[in-house]
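Undergrad: Here it is, the structure, as structure tokens.
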Amino acid sequence: MAAKIRKIVVTVDETRIEMGKQINPPTRRAVAVAVIENPYAGKYVESLDDLIAAGEELGGLLGEKCVQALGIQPGQAESYGKAAIVGEAGELEHAAAILHPKLGAPLRKAIEKGAALVPSSKKMGGVGAAIDVPLGHKDAAYVRTHFDAVEARVSDAPRANEIVVAVAVTDSGRPLPRVGGLTKDEIKGEDGLR
């Protein structure tokens, strides 16, 4: 079953000045959000296969939209994350079904590679609820400069029978990073950690 998408919202957050210092080039984070119908709203079902399939579809679609919004080549993406908000007629496991089994592989394809786990968050919420999409470097989880989050929110979602699904992609880490650790230039990208 294909995801029944009511709306897609794409935003880009660009930081040009931080603490009075010019950020050159600016740090940029894109978030692509799909508002989908929850086929299991209001009922318990044992198999969540339709949402797992929707996650696979949305991973590539939303990842590509982020890359396009940033105006970069897929290989220039540096970090990523995913999140979902389930409306009140659903359950938290519906978000897990979308985010975990199959969303990652097409997202990795959309940004070329992605050896590290895709950070995620999920919650239940009503119309206008916001969620922080956690971010981490796509190829090495220990790169502290890329530990971050970006907020995702759709003003009229999720309705009771909907799920808000968000994917975030960046072309850089945080502005003015200075807490040490592995740098992006030191990444080996083999095990997803370093």
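Just so you know, all these numbers are worked out from the coordinates, no wet-lab data involved. Predicted model, so just to flag it, every value in this text is computed and none were measured. We place every Cβ from the backbone using ideal geometry, glycine too, and count neighbours over all the protein chains shown.
Undergrad: Under the classification rounded if a/c is under 1.5, otherwise prolate if a/b is larger than b/c and oblate if not, where does the stretch 110-161 fall, given a ≥ b ≥ c as square roots of the Cα gyration tensor eigenvalues?
TA: Prolate shape, in that a/c is at least 1.5 and a/b is the bigger ratio.
Undergrad: Past 21 Å, Cα to Cα, is the threshold; run Lys21/Lys188; Lys7/Lys113; Lys113/Lys188; Lys21/Lys82; Lys7/Lys138 against it and keep the listed order.
TA: Result: Lys21/Lys188; Lys7/Lys113; Lys21/Lys82; Lys7/Lys138 exceed 21 Å.
Undergrad: Now, a different point. Which value, in nm² and rounded to one decimal, describes the direction-averaged projected area of the C-alpha convex hull of the stretch 59-180?
TA: 7.3
Undergrad: In terms of the ratio Rg/(2.2 N^0.38 Å) built on C-alpha atoms, what value belongs to the stretch 8-105?
TA: For the stretch 8-105, the normalised Cα radius of gyration comes out at 1.31.
Undergrad: Kindly write out, for the stretch 13-21 in residue order, the coupling ³J(HN,Hα) from the Karplus curve 6.51 cos²θ - 1.76 cosθ + 1.60 (θ = phi - 60°), rounded to whole Hz, with x marking Gly and Pro.
TA: Each residue of the stretch 13-21 in turn: 9, 10, 9, 10, 9, 9, 6, x, 9 Hz.
Undergrad: Fully extended, how many nm does the chain gain between Ala130 and Ile8 (0.36 nm per residue separation, minus their Cα-Cα distance)?
TA: 42.4 nm
Undergrad: Convert each backbone phi in the stretch 144-156 into a coupling constant with the Karplus relation 6.51 cos²θ - 1.76 cosθ + 1.60 (shift: θ = phi - 60°), then list the ³J(HN,Hα) values in order as whole Hz, x for Gly and Pro.
TA: With the stated coefficients, the stretch 144-156 comes to 5, 4, 10, 6, 6, 7, 9, 7, 10, 7, 10, 4, 10 Hz.
Undergrad: To continue, here is another question. Taking the chain as a Gaussian network, Cα atoms linked when under 10 Å apart, which of Asn24, Asn161, Asn38 shows the biggest mean-square fluctuation?
TA: Asn24
Undergrad: Cut-off 10 angstrom, C-alpha nodes, Gaussian network model of the chain. Which of Leu182, Leu103, Leu117 fluctuates the most?
TA: In the Gaussian network model the winner is Leu182.
Undergrad: Using the alpha-carbon atoms, what tilt in degrees (0 to 90, nearest 10) does helix 49-70 show relative to the longest principal axis of the chain?
TA: With both axes taken from Cα atoms, the answer is about 40 degrees.
Undergrad: Can I ask one more? Counting other Cβ atoms within 10 Å, which chymotrypsin sites (Phe, Trp or Tyr not before Pro) in the stretch 1-98 have at most 14 and lie in a DSSP loop?
TA: Of the chymotrypsin sites (Phe, Trp or Tyr not before Pro), the ones in loops of the stretch 1-98 whose Cβ has at most 14 other Cβ atoms within 10 Å are Tyr44.
Undergrad: Follow-up question, since we're still on this one. Using C-alpha positions alone, give me the convex hull volume of the stretch 121-194 per residue in cubic angstrom.
TA: Hull volume over Cα atoms, normalised by residue count, gives 104 Å³.
Undergrad: To continue, here is another question. Most mobile of Gly126, Gly114, Gly71 per a Gaussian network model of the chain (Cα springs, under 10 Å)?
TA: Gly71
Undergrad: Counting only residues 5 or more places away or on other chains, whose amide H sits under 5 Å from the amide H of Ala149 once H atoms are built in the peptide plane?
TA: Answer set, sorted by chain and number: Leu135.
Undergrad: Can you work out ³J(HN,Hα) from phi for every residue in the stretch 31-43, in order, using Karplus 6.51 cos²θ - 1.76 cosθ + 1.60 and θ = phi - 60°, giving whole Hz and x for Gly and Pro?
TA: 10, 10, 10, 10, 9, 10, 6, 8, x, 10, 4, x, 8
Undergrad: When the helix-only estimate is applied to the chain (DSSP H runs of n ≥ 4, each -39,500 (n - 2.57), divided by the residue count), what is the mean residue ellipticity at 222 nm, nearest 500 deg cm²/dmol?
TA: Using -39500 (n - 2.57) per qualifying helix, the result is -6000 deg cm²/dmol.
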